[in-house]
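Each value in this text was obtained by applying a stated rule to the coordinates, not by laboratory testing. Being a predicted model, the structure only gives us computed values, none of them experimental. Glycine also receives a Cβ, built like all others from the backbone with ideal geometry; neighbour counts cover every protein chain displayed.
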Amino acid sequence: MKKKVALWALCLALMMEGGFLFAQNPAVTSIHLADPSAHVWPGSDKLWVYVSHDQPGTNTHATMADYHVLSTTDMVNWTDYGSVLHVKDVSWAASHAWAIDAALLDSTYYLVYCMQEKGNGVFRTGLATSKYPQGPFTDIGYIKGVEWGQDPALFVDDDKQAYLYWGCGGSCFAAKLSKDFKSIIPETKVNLTPQLTDVFEGPWVHKYKGKYYLSYLEKKKKKWPEHMYYAVADKPLGPYVCKGEYIGRFDGMAGTNHGSIVKYKNKWYAFHHGMKMSGNKSECRNMLVDCLSYNSDGTIKPIIPSAIGVAECGATKGPTITTILLEAENGTAAGGSIQGAKINNRHSGYSGSGYVDSFNHQNDCVTVMASVAKNSKYRLKVGYAAKTDQKHDILVNYIMLQDLSFPKSDDFTEIDFGVVSLREGDNFLKFIRKSSGIEIDYIKLVQVIE
Ligand code: FUB
């Protein structure tokens with residue numbers, strides 16, 4: 001009896017501490033994500049993931065067109081900040097928004113990604129920046145000195161020197177980056193291919209106990225599926241010594257795998273992708289997270305990807321939930337639009353980088369875009385402030401929610417308008433003003449698990 005009481009007390013304590021977490025693989029079920037690059041930025045309590053996006057209903061990498069950023073504080077509740085960079089906003093690119101990575105240096109968030117150049121189909125390594133980890137990001141051109149820039153990854157060392165790694169089709173290169181990240185320093189470029197057994201693509205670097213770990217995708221004798229390998233070096237540019245496989249074949253694996261390794265709240269995690277959620281369509285993938293640990297000699301213990309995900313290292317099984325947080329001020333940069341109204345940041349207390357106000361004319365509106373993997377239900381919430389009690393409309397794709405009440409609130413607040421249905425793919429939610437005096441901070445969609 002005493003033992004049972006003690007166990008319950010322990011459970012209660014863990015729950016209150018947030019120690020009971022829910023976990024599963026795929027870790028995010030709201031959207032098809034691939035190539036996850038996970039980071040913990042100094043000064044943020046969140047874990048951030050930069051991902052490419054497979055189009056639902058397709059089974060090809062050729063239609064990949066934009067990137068998303070997600071965050072979590074508990075590996076259970078995920079926030080998807082929507083589309084943060086789209087091919088159509090990259091003047092030099094035509095298509096193929098493939099793998100991605102991010103870095104933070106001197107208060108600027110850098111995004112590197114690969115897209116095919118207009119007119120010639122050459123893969124370039126694009127560079128975009130933002131003042132916010134969640135973007136949206138603005139393209140500033142492609143990195144000079146990289147001939148075929150598929151699968152880029154960034155690594156910023158403790159001395160603030162940034163490195164770029166890239167590679168595909170059986171080769172891998174690395175070089176120091178210039179201070180503005182806009183070009184590689186040519187004389188530092190190294191060909192890492194001979195050091196990485198059977199490397200195919202997808203390099204990614206993290207540091208553990210002073211050593212540099214380069215993880216990559218291996219394709220033995222050029223045969224699919226890819227296994228995840230890693231190599232270790234004393235310096236970022238090598239020489240690297242291959243240590244072998246850390247993720248091999250598993251149930252629900254796609255032809256490709258691709259990922260990153262990160263420490264968050266004293267635990268190590270391997271981010272990668274699989275295809276179970278799309279009914280085994282190999283090119284329509286979803287993000288997986290598994291627990292990772294090292295042996296005392298610094299080698300990585302091989303991972304068998306688990307259906308319960310990070311529940312394997314202490315969390316409790318269960319459904320994860322995604323909240324799609326669409327900042328009104330990002331409307332235009334994130335697949336939506338702002339018509340008539342203006343972006344402002346004078347009234348404090350908003351989330352993101354501002355809010356939208358000056359809805360002065362009939363039908364002034366702000367539209368945001370939510371992308372989801374399948375027809376599904378979400379709770380619709382809006383962050384706003386209003387000078388008086390007001391009524392406005394919200395159009396969810398073709399369904400008009402009329403005369404929604406926004407009670408007076410001087411401070412930014414959130415209101416819940418109940419459950420709405422989203423359709424597979426892109427959804428447009430348009431706030432349409434009916435009277436003046438409202439500020440729209442964000443539109444939020446919380447995944448309903450059925
Ligand atoms: O996501 C598109 C491509 O598939 C990536 O660039 C490769 O690494 C593979 O994951």
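In whole Hz, with x marking every Gly and Pro, tabulate ³J(HN,Hα) for the stretch 213-227 from phi via Karplus 6.51 cos²θ - 1.76 cosθ + 1.60, θ = phi - 60°.
These are the phi-based 3J(HN,Hα) values: 10, 9, 9, 7, 9, 9, 9, 5, 6, 6, 9, 6, x, 7, 9 Hz.
Within straight cross-link reach of residue 444, meaning Cα distance under 25 Å, which lysines are found once same-chain residues fewer than 8 apart are removed?
Reachable lysines: 46, 88, 131, 342, 374, 377, 381, 387, 391, 408, 430, 434.
How high is the relative contact order of the chain? Use alpha-carbon pairs under 8 Å, at least six apart in sequence, and give a whole percent.
Details: 1275 pairs, mean separation 65.7, N = 450.
15 percent.
Please report, in Å, the Rg and the Dmax of the chain, where both are computed over Cα atoms only.
Every Cα atom of the chain included, Rg and Dmax give 22.6, 75 Å.
Work out from phi, with θ = phi - 60° and the Karplus expression 6.51 cos²θ - 1.76 cosθ + 1.60, the ³J(HN,Hα) of each residue of the stretch 143-150, listed in order in whole Hz, and give x for Gly and Pro.
6, 7, x, 9, 6, 10, x, 6
Scan the stretch 62-139 for trypsin sites (Lys or Arg not before Pro) in coil per DSSP, keeping those whose Cβ has at most 12 other Cβ atoms within 10 Å, and list them by number. Walk me through the numbers on the way to the answer.
Numbers: sites: 88, 118, 124, 131; in loops: 118, 131.
Listed in order of number, the matching sites are 131.
Nearest-5 percent of antiparallel DSSP beta bridges in the chain?
Working: 127 of 135 bridges.
Antiparallel: roughly 95 percent of the beta bridges in the chain.
For residue 53, enumerate residues with amide H under 5 Å from its amide H, sequence gap 5+ or separate chain, H modeled in the peptide plane.
34, 65, 66
How far, in degrees from 0 to 90, does helix 2-16 lean away from the longest principal axis of the Cα atoms of the chain, to the nearest 10?
Tilt of helix 2-16: around 70 degrees.
Please give every one of the lysines within straight-line cross-link reach of residue 243, meaning a C-alpha to C-alpha distance under 21 Å, and leave out same-chain neighbours fewer than 8 residues apart.
Answer for residue 243, where 21 Å is the Cα cut-off: 207, 209, 211, 219, 220, 221, 222, 223, 235, 263, 301, listed by chain and number.
For residue 288, enumerate residues with amide H under 5 Å from its amide H, sequence gap 5+ or separate chain, H modeled in the peptide plane.
Result for residue 288 returns 27, 272, 273, 274.
Using 0.36 nm per residue, how much length does the chain from residue 91 to residue 405 gain when fully extended, once their Cα-Cα distance is taken away?
Working: separation 314, 0.36 × 314 = 113.04 nm, distance 4.12 nm.
Answer, rounded to one decimal: 108.9 nm.
Could you compute the FRET efficiency for residue 180 and residue 297, with r as their C-beta to C-beta distance and R0 at 56 Å, rounded to 0.05? Don't skip to the answer; put the middle values down first.
Values: r = 39 Å, r/R0 = 0.70.
Efficiency, from the Cβ-Cβ distance: 0.90.
Apply the Karplus curve 6.51 cos²θ - 1.76 cosθ + 1.60, θ = phi - 60°, to the phi angles in the stretch 345-353 and return the couplings in whole Hz, x for Gly and Pro.
8, 6, 8, 6, x, 7, 9, x, 9
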